[in-house]
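The values are calculated or read from the model by the stated rules, or taken from the named source; none is laboratory data. Keep in mind that what you see is a predicted model, and the values were worked out from it rather than measured. Cβ sites come from the backbone with ideal geometry, for glycine too, and all protein chains shown count toward neighbours. Ligands, DNA and RNA are stripped out before the accessible areas are found, and what is left, the full protein with its side chains, is counted by its heavy atoms. Shrake-Rupley method; radii C 1.70, N 1.55, O 1.52, S 1.80 Å.
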Amino acid sequence: MFVKRYLIPRLLQYFLVIFLGITIVFFIPRFAPTNPVQRTISEIRSRGTYLNPADVEQMVADLTRLYGLEGSWGEQYIEFWRKLFKGDFGISFFQFPTPVIELIKTALPWTVGLLFTTTVLSWVIGNIIGGIAGYRNNRLWSRILDGVVMFIRPLPYYIFALGLLILLAYVFRLFPISGGASIGRLPSFTLSYILDVLKHAFLPALSLVVLGAASWFQASKLIVQNVNAEDFVQYAQLGGIKERKIMFKYVIRNAMLPQITNLALSLGQILSGALITEIVFSYPGLGNLLFSAINTGDYNLIMGITALSIVAITTLVLMIDLLYPLFDPRIKYK
Amino acid sequence: MDNNTVLVTENIKSYYVLDVGGSKKVVKAVDDVNLTIRKNEIYGIAGESGCGKTTLMKTLYALMNPPLRFMGGKVIYYRDDQEIDILSLSKEERRKLRWEYIAYIPQGAMSIFNPVIKLKETYRDFLDSHLSGKTRDEIFEIAREHIKELGLPIKVLEAYPHQLSGGMRQRVAIALAGLLKPAVIFADEPTTALDVVVQRGVVQLLKDIQESLKNTIILVTHDMGIHANISDRMAIMYAGKIIEEAETKEIFYNPLHPYTRFLINSLPKFGDKGVRASAPGNPPSLANLPTGCPFHPRCPEKTDICTREVPELVQTGEEHKTACWLVSKGDE
C-alpha cells in the first residue's frame, strides 16, 4: 500500500525534479553573452602568442568539441545526458584542461566538511538554547540572551567574519589567517594533519556557527513560546509532571518538528558552498569554484556544481519526507 | 471544622487584570466565594458560560497564570488532619500535591495529550513524576492494571492520541485523574463536545471512580441534566458568585433564587409539550457589573433593594443557602 500509493509516485516526482532542474541548468548558461571558445582564444592571444588564422580555426573546432558545443542545442543536450550518466561533466574551461569532476572532487571535502559540521552544530545549539530560553522566557538570563542574539543576528556576515579574523588571527594570533591547511602540507591521515585542518577551520566555522545558531535560536524560541500555550503543555503542568520533562519531552520535542524540515533544506544548500566565508578566510571550497565558473562562463563547471546541488537538495527533501513519520506519528503515508 | 471536610475556601477573589490601551480593566471572574466541600461527595457547580466556573476551578487548583490574579482569600485543603493552604505552598510542594492529592480533568480533552508520544508514555510521565524507585516495566504494569480495572481497552496505551476518538480521549483523561487515588478530582466540563451516548459512558466512568476511591469530585458543567444524575450537592454560579447552594434534590425541587428557577424550568420534561422559558437577556459582562444584585436586570421579581445592594449568601433552610433579597428579606 505504502509503496504503490506513496513511494512510487514520490520517487517519480523525485526524478522528474532532478531531470527538469538539470535541463534548466543546461540551457541557462547557453543564453549568457559569454562565448567560452572565443574567450579561451583571446586569452591565449593576450599572452602575446602569434596565431595564424588556420591554427585559430583548428583551435576553435577543437575547443568547441571539447566543450561539448558541437552541433545544435538539441544534439548538445543529448550528448550532455549521455556523458552525465558516466559521471563525466566534461572539462573545465577556466582551468583547462582539468576535468570538472576532478575540480569538484578537490573542493567538495572542504565544503562538506566545514558546512555540514557548522550547519548541524548551529542547528543543535540554536534549537536547544532557543528552546530552553523560550520555555523559561520570563527568566532574566533568557531575556539577556534574547537581547544579545537580537544584536548579533542582523550583523552582516561579511563584517562579522572579518571582525573575527582581525581579532583572533591578527590582533591575538590564536588561529591561522587563511587557507584550509598549512601551505605545503600534503593531505594525510595523521593526527598532526587533522589538527592542522581543524585549526584552520576553526574561525570560518565559528563565524558560521555563531550567526547560524543565532537565527535558529530566534526561530526556535518563537515556536516554543507558541507550543507553551498548547493544551497538552498546560495539562502536563496540571499533572505535576517534572519541569525538565515538560520542557524537553513536551515543549521542545514538539517545537523541533518544523525545524527538522528547515534543517534538511539548509543541508541541501551546502553544495552551493559558502562564498563569502571562502573569500574572507581564503578557504578552499565549492563557493569559490562556482563563483569563478560563473565569471568565466565555464558551462561545464557550472553545470557540474549545480547538478550536484540539485541532486543533493532533492535527495535530502525526499529523505526527510520518508523519515518524517518517525518524528511525528500523526504523519503517515498510505 | 469537622473531619468530614476536605476543602474550605474563604472569600476567594480571582480577577483577570487586563491592560487595555493603558487603562486597567478588571474582570471579577470569582468574587467572594465561600465553599465547604466534604469528603466522599460529588459537588456540582453550574452556571452559564462566562460566569466564572472554570476560573473558580483554576483558583482551587492554584493554577494562576497572568492575566489571572489571585486577589485575596484562602483555599485550605485538609489532608490527614493537616491544613494545607495551597496558595502559600512552594512550587515543588504544589507540584507534588497535584495528582497525588488533587487531580484535574481539563476542558476539551481533544488536545490535552502530547501528540508525538504514545499514551503509555504520558502515563509513564505522570507516574514517574510522583512515584520514585520504579522501573520502566513496573510503571507500564501499573498503567495496564489501572486501565484494565476501569474497563477501558488495553490497547489505548499503545496508541497515539490522534488515533483515539474524542470520547475515548476524554475517558483516558478521567482515568488518568484517578491514577494516584487523589482525594479531590476537579472535572471541568467533562462531557462538553461529546454526543449523549458517549456522555453517558463518561459520566458513568466518573461515578465509578468516585465510588471506588470514595473521594470528592468537583464537577463543573452547565448541563443541569448531568448534575441531576450524579451530583450530591451543587452550587449555582452567576457573575462570579455563588448564588445558591443546596443538595441537588433540593435545588431541583425547591429552587429559591429566580435564576435557579429559570435554569430548572428550561429543562425539557417527559410529557410536557409546553414552550420552555429561558432567563431573558444575557449574562452581564464581568468587567462591568450592574450595581446591587448582578441578576437584577434580568430578574422578573426585582425590588428596589435589588438594584442597590448585593445580597449575601445566607442560610435559607437546612443545607440550603441562597443569595437573593426575595428570600433573605424575611429575616430582617
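The phi torsions of segment A:9-14, fed into the Karplus equation with coefficients 6.51, -1.76 and 1.60 and a -60° offset, translate into couplings of x, 5, 5, 4, 4, 4 Hz, rounded to whole numbers, with Gly and Pro shown as x.
The relative contact order of segment B:262-328, computed from alpha carbon pairs under 8 Å that lie at least 6 residues apart in sequence, is 20 percent. Most tightly packed first, judged by the mean number of other beta-carbon atoms within 10 Å of their residues, the peptides B:22-30, B:165-173 read B:165-173, B:22-30. Shape index of segment A:100-295: Rg/Rh, with Rg the Cα radius of gyration and Rh the Kirkwood radius from the inverse mean 1/r over Cα pairs, equals 1.07.
Excluding same-chain neighbours fewer than eight residues apart, the lysines reachable from B:K24 by a Cα-Cα span under 26 Å are B:K13, B:K53, B:K58, B:K74, B:K241. In terms of accessible area, using a 1.4 Å probe and ignoring ligands and nucleic acids, B:I174, B:I154 rank largest first as B:I154, B:I174. Interface between chains A and B: roughly 2200 Å² of accessible area buried, both sides summed (probe 1.4 Å, protein heavy atoms only). Counting only C-alpha contacts under 8 Å and six or more residues apart, can you give the relative contact order of segment A:192-274 as a whole percent? After rounding, I find 26 percent.
Here the Karplus relation 6.51 cos²θ - 1.76 cosθ + 1.60, evaluated at θ = phi - 60°, turns the backbone of segment B:234-244 into coupling constants of 8, 10, 9, 9, 9, 6, x, 10, 7, 10, 7 Hz, with x for every Gly and Pro. How about segment B:110-157: which of its residues lose at least 20 Å² of accessible area in the presence of all protein chains relative to their chain isolated, using a 1.4 Å probe? Those are B:S111, B:I112, B:N114, B:P115, B:V116, B:I117, B:D125, B:F126, B:D128, B:S129, which lose 20 Å² or more relative to the chain on its own.
Near B:N254, within a Cβ-to-Cβ distance under 12 Å, what is the net charge of the other residues, with Lys and Arg +1 and Asp and Glu -1? Each step should come with its number before you reach the end.
Values: positive: B:K249, B:R261; negative: B:E244, B:E247, B:E250, B:E318, B:E319.
Once all neighbours under 12 Å are counted, the net charge is -3.
Taking 30 Å as the straight-line reach from the Cα of A:K105, the lysines in range (excluding those fewer than 8 positions away in the same chain) are A:K83, A:K86, A:K199. Could you state how much accessible area A:I8 has, in square angstrom rounded to the nearest 10, with a 1.4 Å probe and all protein chains kept in place? The accessible area comes out at roughly 80 Å².
Counting alpha carbon pairs within less than 8 Å and at least 6 residues apart, what relative contact order, in whole percent, applies to chain A? Walk me through the numbers before you get to the answer.
On the way: 350 pairs, mean separation 93.8, N = 334.
Relative CO of chain A lands at 28 percent.
Around the amide H of B:I217, modelled in the peptide plane, lie the amide H atoms of B:E41, B:I42, B:Y43, B:I185, all under 5 Å away and 5 or more residues distant in sequence or on another chain. Only aspartates and glutamates eight or more places from B:K118 in sequence, or on another chain, were considered; those with a Cα closer than 18 Å are A:E230, A:D231, A:D328, B:D128, B:D137, B:E138, B:E141, B:E145, B:E158. Once the Cα atoms are used to define both axes, helix B:91-100 deviates from the longest principal axis of chain B by about 80 degrees. Set the bar at 20 Å for Cα to Cα. Now go through B:K96/B:K181; B:K96/B:K155; A:K245/A:K332 and name every pair that lies beyond it. Among B:K96/B:K181; B:K96/B:K155; A:K245/A:K332, the Cα-Cα distance tops 20 Å for B:K96/B:K155; A:K245/A:K332.
Rounded to the nearest 10 square angstrom, B:C51 shows an accessible area of 10 square angstrom against a 1.4 Å probe. Computed 3J(HN,Hα) for segment B:149-163, one whole-Hz value per residue from the Karplus formula 6.51 cos²θ - 1.76 cosθ + 1.60 where θ = phi - 60°, is 4, 8, x, 8, x, 5, 6, 4, 5, 8, 8, 8, x, 5, 8, glycine and proline marked x. Sorting A:L20, A:L140 on solvent-accessible area from highest to lowest, probe radius 1.4 Å, gives A:L140, A:L20.
Expressed as a whole percentage, what fraction of the accessible surface of segment A:192-286 belongs to carbon and sulfur atoms when a 1.4 Å probe is rolled over the protein heavy atoms?
On the way: 2280 of 3520 Å².
Carbon and sulfur atoms account for 65 percent of the accessible area of segment A:192-286.
Evaluate peptide A:239-250: per residue, the Cβ atoms of other protein chains within 10 Å of its Cβ; return the mean as an integer. Display every interim value, and only then the final one.
Working: counts 16, 16, 10, 6, 4, 1, 4, 3, 0, 0, 7, 5.
The shielding value for this peptide is 6.
Can you give the accessible area per residue of segment A:100-295, in Å², using a 1.4 Å probe? All intermediate terms of the calculation are to be shown ahead of the outcome.
Working: 9630 Å² over 196 residues.
For segment A:100-295, the per-residue accessible area is 49 Å².
When DSSP beta bridges are restricted to pairs lying wholly in the protein assembly as shown, around 65% turn out antiparallel.
Think of each Lys and Arg Cβ as +1 and each Asp and Glu Cβ as -1; about the Cα centre, that makes the dipole of chain A roughly 1420 debye.
By accessible area of protein heavy atoms, probe 1.4 Å, what ranking do B:K96, B:K241 get, highest first?
Working: B:K96 95, B:K241 50 Å².
The ordering from most to least exposed comes out as B:K96, B:K241.
Which value at 222 nm does chain A reach when only helices count, each DSSP H run of 4 or more adding -39,500 (n - 2.57), with the total divided by all residues and rounded to the nearest 500 deg cm²/dmol?
Values: 13 runs with 222 residues, N = 334.
Result for chain A: -22500 deg cm²/dmol, rounded to the nearest 500.
Computed over protein heavy atoms with a 1.4 Å probe, the accessible surface of chain B works out to 46 Å² per residue. Think of each Lys and Arg Cβ as +1 and each Asp and Glu Cβ as -1; about the Cα centre, that makes the dipole of segment B:124-224 roughly 120 debye. Taking the helices alone, chain B has a mean residue ellipticity at 222 nm of -9000 deg cm²/dmol, built from -39,500 (n - 2.57) per DSSP H run of at least 4 residues and averaged over all its residues.
Taking segment A:69-178, which chymotrypsin sites (Phe, Trp or Tyr not before Pro) meet the DSSP loop condition and have no more than 14 other C-beta atoms within 10 Å? List each step's numbers first, then the result.
Details: sites: A:W73, A:Y77, A:F80, A:W81, A:F85, A:F89, A:F93, A:F94, A:W110, A:F116, A:W123, A:Y135, A:W141, A:F151, A:Y157, A:Y158, A:F160, A:Y170, A:F172; in loops: A:F85, A:F89, A:F93, A:F94, A:F172.
Qualifying residues, ordered by number: A:F85, A:F172.
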